[in-house]
Structures are given as structure tokens and as C-alpha cells.
Amino acid sequence: MKIWIFLIAFFSVSVLAEEDIDCDKAWTTLEINQCMYKELVAAEKVLDKYLVKSLERYLEDDVSVASIKKGQEAWLNYREEHCGAVYDTWRDGTIRTAMGLGCKLELTHQRTVVLWQSFLTYVDSTPPLLPEPKPYAPKSY
């Protein structure tokens, strides 16, 4: 049940996120949630780029590809459950959506770094296949 509430909250934010908002001037809870959702969408695009490149690197290795996919699926489930718990913890306040989105943002950035370190770098001086992901710096709205 909590996942459905969490998904409904994110869906409602995503529908509203299509409005053109100046996120540097976001002030209301709704504007902040919309801007955080936009950040999450951007972070997920970066994560997808690093995941695709990780899979491409091991394209000839079916075992590694299957393991990377399985790990990603497990991580997505973890993110949903953990951030759902964060959302539930803040259920009595209007901050709950921002807290859930912040959780997803942080974990998404962490996962991107893990993919980069695990699959896109080398133990010698060979340059990584993609640049090191930018460090996550939460915005203060």
C-alpha cells in the first residue's frame, strides 16, 4: 500500500513538473517538489547512460551482463522500498514528498558512482570509459 501512495505522489509531481518553473526561485512546497522531480529525472538519465555503458563493456560476457542487470533490478527494488520508508516516516507533513525525492536523488547519484567504479574503470592507468560522475550536492531551496 505504501508503495502505491509513494507512486501516486511521484506521479502527481511528475504531471505538474511539466510547468516551466525557475528552480532557482522555487519557494512553495509544490515548486520545490517539481524542481526535485526534474533533478531526479536528470539524475536517472545519467544513471541510465552509465548502466548502458557498463552493459556494453561486457556485451560478450553473458554472465556479467546478467549479473549487472540482476544487480540493477535489486537496487531499484531497494531504492523503492527504502525511499518509501523515508516517505512514510514523514507522512504527516508536507515535506514528505521532498524527503522521498531527496532519498531517491541521493541513492541514484550513489548508484551511478558505484556503476562507474565497478564496471567503467580499470585497475591500471587505462582511462575510464566514462568520466567520473559529478558529486551529488543537494540543492537548498
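For the reader, a short list of remarks on this structure follows.
- The lysines within cross-link reach of residue 45, meaning a Cα-to-Cα straight distance under 22 Å and a gap of 8 or more places when in the same chain, are 53, 69, 70, 104, 134, 139.
- Distance histogram in 5 Å bins (all Cα pairs of the chain, percent per bin): 2, 10, 17, 19, 17, 13, 10, 7, 4, 1, 0
- Rounded to the nearest Hz, the phi-derived 3J(HN,Hα) couplings of the stretch 34-46 under the Karplus curve 6.51 cos²θ - 1.76 cosθ + 1.60 (θ = phi - 60°) are 5, 5, 5, 5, 4, 4, 5, 4, 5, 5, 5, 5, 5, where x marks glycine and proline.
- Cα gyration tensor, the stretch 64-127 - rounded (a/c under 1.5), prolate or oblate: oblate
- Rounded, prolate or oblate (a/c below 1.5 giving rounded, otherwise prolate when a/b exceeds b/c) for the stretch 99-140 by Cα gyration tensor: prolate
- In a fully extended conformation the segment linking residue 82 and residue 20 would gain 19.3 nm over its present Cα-Cα distance, using 0.36 nm per residue.
- About the Cα centre, charge dipole magnitude for the stretch 46-141 (Lys/Arg +1, Asp/Glu -1 at Cβ), debye: 380
- For the chain, the longest principal axis of the Cα atoms and the long axis of helix 62-89 meet at an angle of about 20 degrees.
- Computed per residue of the chain from DSSP H runs no shorter than four, each worth -39500 (n - 2.57), the mean residue ellipticity at 222 nm is -24000 deg cm²/dmol.
- From the alpha carbon centroid of the stretch 106-124 to that of the stretch 23-72 is 12 Å.
Since every read-out is calculated from the coordinates, none of them should be taken as a lab result. Here the structure is a predicted model, which is why all the values come from computation and not from measurement. For neighbour counting, all protein chains shown are included, and Cβ atoms are generated from backbone atoms with ideal geometry for every residue, glycine included.
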